[in-house]
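**Student:** Sending over a structure as structure tokens; questions will come in a sec.
The values are calculated or read from the model by the stated rules, or taken from the named source; none is laboratory data. As the structure is a computational prediction, the values presented were derived from the model and not from experiment. Neighbour counts are summed over all protein chains in view; Cβ atoms, including those assigned to glycine, are modelled from backbone coordinates with ideal geometry. Heavy atoms of the whole protein, side chains included, go into the accessibility calculation; ligands, DNA and RNA do not. Shrake-Rupley method; radii C 1.70, N 1.55, O 1.52, S 1.80 Å.
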Amino acid sequence: AQVLGILVTVVFVGVLDESSPLRARLMPIRRQLSILGCIFALGHLAFYGVSYVPRLGSALNGNLGFSLALAALLVLLMAILLVTSFQVVHERRALEGVQRLAYPFYLLTYVHLVLLLAPSAFAGRETATVSLVVYSVAVGAYVVLRMRRALLHHRAAAPSTALAS
């Protein structure tokens, strides 16, 4: 949850209004928060990876197998995003577009969480249900705010269609 909390903070900073005091405080350290979140995610991978590695050859049902394959893709995306978050690498203009991989990374992370938590939530386990609801609200809010920001940016960039009288 701590890993996701840091990464959620990183993405939400990007959708806050330019005039937001919270954005002003967090934007200067956003890159460092992203790197920290990735480092913590490595601990998460090690902790959970140990429990799943023995089952890789057997006992993988469709949901778990797909979730672990998705986790492998997420590790690859996270590695790319981590490397491009370092100032030395980020200064290269050719790599700036790579940071857009953060959008599918966060959405696929949500899909991964749903695949892992949904069976327990549907079985009535309260912790899984609460986690699923919290993650769903966070992702839903982010998607709405991101679309709003993109729409505002698009409107600001478009030439005015108002007729001068």
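**Student:** Check the range 49-66 and report whether any residue there is within 18 Å of the chain's Cα centre (by Cα) and assigned to a helix (DSSP H, G or I).
**Tutor:** Checking the range 49-66: not a single residue is within 18 Å of the chain's Cα centre (by Cα) and assigned to a helix (DSSP H, G or I).
**Student:** Further question: For M78, only one of the following conditions fails: (1) under 11 Å from the mean Cα position of the chain (by Cα); (2) surrounded by 16 or more Cβ atoms within 10 Å (Cβ to Cβ); (3) closer than 21 Å to M147 by Cα; (4) modelled with pLDDT of 90 or more. What is its number?
**Tutor:** Going through the list (1) under 11 Å from the mean Cα position of the chain (by Cα); (2) surrounded by 16 or more Cβ atoms within 10 Å (Cβ to Cβ); (3) closer than 21 Å to M147 by Cα; (4) modelled with pLDDT of 90 or more, M78 breaks only (3).
**Student:** Select from the range 117-134 the residues that are part of a helix (DSSP H, G or I), open to solvent by 50 Å² or more (accessible area, probe 1.4 Å) and either of a type outside the set (A, V, I, L, M, F, W, C) or under 29 Å from T84 (Cβ atoms) (or both) and list them in ascending order.
**Tutor:** Hits for the range 117-134 are P119, E126, T127, T129, V134.
**Student:** Is it fair to say V114 is at pLDDT 90 or above and loosely packed, with under 14 Cβ neighbours inside 10 Å?
**Tutor:** So V114 fails the test.
**Student:** Exactly one of (1) open to solvent by 50 Å² or more (accessible area, probe 1.4 Å); (2) in contact (Cβ under 8 Å) with a residue 12 or more places away in the chain is unmet by V8. Its number?
**Tutor:** (1)
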